[in-house]
Every structure is written in C-alpha cells, then in structure tokens.
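Read through the structure below, which is laid out as structure tokens, and then see the notes.
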Amino acid sequence: MGELAGTNSAGASVALAITGMSCGGCVGAVKQMLSKVPGVSGVEIDLDARHALVAGTAAAQELIEALQGTGYRARLA
C-alpha cells in the first residue's frame, strides 16, 4: 500500500486485517465506516490483501469496533 495523503505530523497509522470484503462495494463501505471514526485522516484499502491502512490519531480498538455488527471483522495486521 502506498503512503496516505493527509497523515498527521507523526505519521501515525494503524494496519488492520479485514475479513468479509469481496468486492469494490465492500471496500467503499469499509472505507466510509472507518473514515467516520473521530481522528481518522485517511484510509487506504487493499482488497486483494484484505488490509486497511488507517492514518490519524484514532485508536486501533475504536477502528475495530466501528466495523463490529456490519458483516466485516477487523483485527490488527
């Protein structure tokens, strides 16, 4: 995955492994949900690898919880 635009000055990011994604629509849905978490400044998703790289100050647990109950599961990658 490439570098995210809009990372904070510390360049903090969280890598997540996400299960349940199978198409571009899934990618869009996951990206939208993660982007709504306070402190997120950017989201990059690799569908083939089933990974997301989330930039910003949001805690990993907040990101994981944002996907709970949506049909997608996330864990730290």
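The values are calculated or read from the model by the stated rules, or taken from the named source; none is laboratory data. All figures in this text were calculated on a predicted structure; none of them were measured in a lab. Positions of Cβ are generated from backbone atoms using ideal geometry, with glycine treated the same way; all protein chains shown enter the neighbour counts.
Tabulated results
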read-out: Among the candidates Ala29, Ala49, Ala55, residue that is more than 16 Å from Arg75 (Cα to Cα) and either small (Gly, Ala, Ser) or in a helix (DSSP H, G or I) (or both); value: Ala29
read-out: Test: Ala49 is over 17 Å from Ser13 (Cβ atoms) and at pLDDT 95 or above; value: no
read-out: Hits in the range 17-35 - residues which are within 14 Å of Ala60 (Cα to Cα) and either more than 10 Å from the chain's Cα centre (by Cα) or of a type outside the set (A, V, I, L, M) (or both); value: Ser35
read-out: Residues being charged (D, E, K, R) and part of a strand (DSSP E or B) - total across the range 58-77; value: 2
read-out: Any hit, the range 35-56, residues being buried (at least 17 other Cβ atoms within 10 Å of the Cβ) and touching a Pro at 6+ places or on another chain (Cβ under 8 Å); value: no
read-out: Residues within the range 57-70 that are surrounded by 12 or more Cβ atoms within 10 Å (Cβ to Cβ) and more than 15 Å from Ser13 (Cα to Cα), tallied; value: 4
